[in-house]
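For reference, the structure is listed below as structure tokens.
The values are calculated or read from the model by the stated rules, or taken from the named source; none is laboratory data. These numbers come from a predicted model, not from an experiment. For neighbour counting, all protein chains shown are included, and Cβ atoms are generated from backbone atoms with ideal geometry for every residue, glycine included. Ligands, DNA and RNA are excluded from the accessible area calculation, which covers all protein heavy atoms including side chains. Shrake-Rupley method; radii C 1.70, N 1.55, O 1.52, S 1.80 Å.
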Amino acid sequence: MKSNEVLQREVQEAIKSEPLLHPAEIGVIVKEAIVTLTGNVDSLVKKKEALHAAKKIKGIAAIVDEIKVCIEKSAVISDQKIAEQIVSNFNENHIIPKKAVCITVESGWVTLDGILPWNFQRDIAAELVENQKGIAGVTNNIKLRRETFHPVEKELLEKALQRHWALDVDEINIEIAGATVQLSGTVGSIFQKEEAEKIAYKTPGVIKVINHLKVNLEQPYLC
């Protein structure tokens, strides 16, 4: 099991390697393998990059996000302009069905509502917002619902998990009930836990994923 000092150093190095980030912007505190990220950044993209960098470190039990997005007055964009740009982004996108997502902007914070058939579409909808300048944060309330039922094939999901370079499918248990998949077992990092969930959501027929995977801090894992 890595010490708090080792985890702190590895997270700091991971943040330092991200081209968008300045190490001086992000503080890293580690206690009992729980990492707290602090500081102020000028865009939501930077905040996401810092969190993503930390999630890849093996041995982290949890991450506490205390990073604040502070947009300088000179860079503040009105909610009207933000809304116009987001609507334009959605109109130019051919993966999200037209008028399937309702967009609300308040003080730079964007809320997405609506219904889509696939989780990857929900993720794309969030990305179309998060990459926009002037965004302070995003709440993704989009639900999943499909008009046609497709039985979930456990073998198909197992093979998809097996193909991922960072996952050991022998350590992951899969239970399927209708359109719901429940994952349990152990993985080596928060990144691996999230990757397993993303793969499960991409499996045909899956509407909901219950992720009970635990991060095992002492088990040896794939690189």
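Distant-in-sequence amide contacts of Asn40, defined by a placed amide H-H separation under 5 Å and a gap of 5 or more residues or a different chain, comprise Lys68. Stretching Ala166 away from Lys31 to a fully extended chain increases their span by 46.0 nm, per 0.36 nm per residue minus the current alpha-carbon distance. Taken along the Cα-to-beta-carbon direction at a fixed 7 Å, the label points for Asn173 and His52 span 3.3 nm.
Write down the accessible area per residue of the chain in Å², having rolled a 1.4 Å probe over the full set of protein chains. Show your work: numbers first, answer last.
On the way: 12700 Å² over 223 residues.
Ligands and nucleic acids excluded, the result is 57 Å² per residue.
Annotation for segment 98-144: trypsin sites (Lys or Arg not before Pro) lying in DSSP loop with at most 12 further Cβ atoms inside 10 Å of their Cβ are Lys98, Lys99. Put a dot 7 Å past the Cα of Lys81, heading toward its Cβ, do the same for Glu13, and the two dots end up 4.2 nm apart. Note on Lys198: aspartates and glutamates with a C-alpha under 12 Å away, same-chain residues under 8 apart excluded, are Asp123.
With a cut-off of at most 11 other beta carbons within 10 Å, and DSSP calling the residue loop, which GluC sites (Glu not before Pro) in segment 13-109 qualify? Please list them. Sparse-neighbourhood loop GluC sites (Glu not before Pro): Glu32, Glu72.
Scan the chain and report its longest stretch carrying no chymotrypsin sites (Phe, Trp or Tyr not before Pro) that are both in a DSSP loop and have at most 15 other Cβ atoms within 10 Å.
On the way: sites that count: Phe149, Trp165.
Here the longest run is 1-148.
Between Asn4 and Lys159, the simple label model (points 7 Å from Cα in the Cβ direction) yields a spacing of 4.7 nm.
Taking each DSSP H run with n ≥ 4 as -39500 (n - 2.57) and averaging over every residue of the chain yields -10500 deg cm²/dmol at 222 nm.
Here segment 105-223 has 49 percent of its accessible surface on carbon and sulfur atoms, given a 1.4 Å probe and all protein chains in place.
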